[in-house]
Every structure is written in C-alpha cells, then in structure tokens.
Amino acid sequence: MTASAVVSTPAGSLRIRQLAAPALLGGYGLIRLVPGSKQPGLGWTTGHLALLAALLLFGEIFHQLYRLTRERGRVAALLGYGTALVGLCCSLGQVVIDLYASLATSTRAEQNHLFEQIQSHPGVLPAFYQVGPLFFYVGLLALLTTLAVRRRLPWWTPVTVLAATVLMAASLDLMTVGAALYALALLPLSRPAR
C-alpha cells in the first residue's frame with residue numbers, strides 16, 4: 001500500500017459517526033458565539049448537550065481506530081486507545097460538571113460561585129479541566145499517527161488533527177474551524193481501501 005492508501009471499514013454507521021461527531025463539536029462552537037450562551041440558560045445547555053453527544057461519538061471512533069491499529073501492533077494500539085479513553089472520560093466529566101452548574105443556577109454570578117465550589121475540591125481542576133482532557137487529543141493523535149506510519153491512512157490525517165487541535169487550544173472561538181478540520185481528517189476512514 002502507498003502512503004495515500006486509506007483504511008477499509010464498514011461504510012454505514014461509521015461514516016455517520018465520523019460526520020456527526022465533528023458536526024456536533026462544530027455546533028457547540030457556533031452556539032458559543034451566540035450572545036448570552038456563556039451563562040446559564042438555553043444556549044449554554046444546548047451547546048453542552050451537543051458537546052456531550054460529540055464526545056460520545058468520538059468514543060465510538062476511538063474504538064474503531066483501536067481495532068484498525070491493533071491489527072499490526074497491540075502495544076501501540078492499547079497505549080493510544082487507553083490514552084484517548086482517559087481523556088474522553090475526563091472531558092465527559094467536565095461537560096457533566098458544566099451542565100450541572102448551568103442547570104443548578106440562574107445567573108452567571110451563581111454559576112461562577114458553584115464552579116468555584118466544585119473546582120476547589122482537590123484534583124477536580126487537573127482531572128477535568130487542566131490536564132485530563134488533553135489525553136483525548138494525545139490519544140487521538142497517537143492512533144492516527146500509528147495508522148499513518150503504517151500507511152493505512154494518509155500522512156496529512158494526523159497533521160490535520162494536530163492543526164485543528166492547536167487552533168482550538170488557541171481560541172475556543174475557532175472550535176467550528178477545528179471541527180471542520182477534524183471532519184476532513186476522519187474522512188479517509190470511511191473510504192474503501194485502494
């Protein structure tokens with residue numbers, strides 16, 4: 001196979017997840033740009049529900065990437081998959097905290113106060129906000145890079161995911177652009193192998 005060869009996978013539900021996960025992530029990014037969506041209310045809740053759904057779909061994508069990666073090396077596959085799942089769990093925890101803080105409060109000041117109370121517990125900030133969610137991106141990059149090195153995905157797939165991740169880390173206002181790049185990067189997974 002050449003470096004441009006792509007992965008052979010069942011088309012149906014995988015293709016839907018590959019499109020839906022970035023689309024929901026991009027939807028969250030768009031909702032964040034709507035005035036009033038960064039405080040308790042419909043915008044905050046709707047955006048975070050979209051993010052929650054996106055993360056759950058990424059969990060399915062991680063599993064598919066793990067299955068493809070382990071075909072030629074279980075250690076790399078397990079490390080990448082395990083790292084991605086840790087980050088996924090931490091990210092899900094953050095979204096659940098954010099949803100709870102929105103549903104339990106009615107003003108931005110109350111929400112901030114509740115966030116301070118929750119985040120004051122030892123380990124909450126690093127686990128769910130500062131360090132833990134980073135493993136999501138590290139694991140995703142590890143799985144995609146392993147497949148690219150083995151010429152099961154094009155070389156630009158992990159590069160595109162890295163660029164998208166850097167954009168979103170630079171500013172959450174660029175989340176929709178990053179999500180579009182994720183969709184582009186995941187596209188080769190659902191194409192038939194050449």
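The values are calculated or read from the model by the stated rules, or taken from the named source; none is laboratory data. This is a predicted model, so every value here is computed, not measured. Every residue, glycine as well, gets a Cβ built from its backbone with ideal geometry; the counts of neighbours run over all protein chains shown. Surface accessibility is based on the protein's heavy atoms, side chains included, excluding ligands, DNA and RNA. Shrake-Rupley method; radii C 1.70, N 1.55, O 1.52, S 1.80 Å.
Please verify whether segment 19-30 includes one or more residues that are aromatic (Phe, Trp, Tyr), crowded, with 19+ Cβ neighbours inside 10 Å, farther than 22 Å from Val149 by Cα and more than 17 Å from the chain's Cα centre (by Cα). No - not one qualifying residue is present in segment 19-30. Each residue in segment 43-94 was checked for being out of contact with any Lys or Arg (no Cβ under 9 Å at 6 or more places or on another chain), open to solvent by 20 Å² or more (accessible area, probe 1.4 Å) and touching a residue at least 60 places away in the same chain (Cβ under 8 Å), and 2 pass.
Quick grid of which residues meet (1) part of a helix (DSSP H, G or I); (2) free of Cβ contacts under 8 Å to residues at least 60 places away in the same chain; (3) more than 19 Å from Leu68 (Cα to Cα):
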{"residue": "Gln111", "(1), (2), (3)": "yes, no, yes"}
{"residue": "Gln117", "(1), (2), (3)": "yes, yes, yes"}
{"residue": "His121", "(1), (2), (3)": "no, yes, yes"}
{"residue": "Ala127", "(1), (2), (3)": "yes, yes, yes"}
{"residue": "Gly132", "(1), (2), (3)": "no, yes, yes"}
{"residue": "Leu147", "(1), (2), (3)": "yes, no, no"}
{"residue": "Leu174", "(1), (2), (3)": "yes, no, yes"}
{"residue": "Gly178", "(1), (2), (3)": "yes, no, yes"}
{"residue": "Leu184", "(1), (2), (3)": "yes, yes, no"}
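Considering Leu174, Leu167, the condition of being in contact with a Gly (Cβ under 6 Å, 6 or more places away or on another chain), open to solvent by 20 Å² or more (accessible area, probe 1.4 Å) and within 23 Å of Ala23 (Cβ to Cβ) is satisfied by Leu167 alone.
Residue check: Arg151 meets all listed conditions (1) at pLDDT below 95; (2) open to solvent by 30 Å² or more (accessible area, probe 1.4 Å); (3) under 14 Å from the mean Cα position of the chain (by Cα) but one, namely (3). Among the numbered conditions (1) at pLDDT 95 or above; (2) touching a helix residue (DSSP H, G or I) at 6+ places or on another chain (Cβ under 7 Å), the only one that Thr69 does not meet is (1). Would you confirm, using the coordinates I've provided, whether Arg108 is under 19 Å from Gly47 (Cα atoms) and among the basic types (Lys, Arg)? When the stated conditions are applied, Arg108 passes them.
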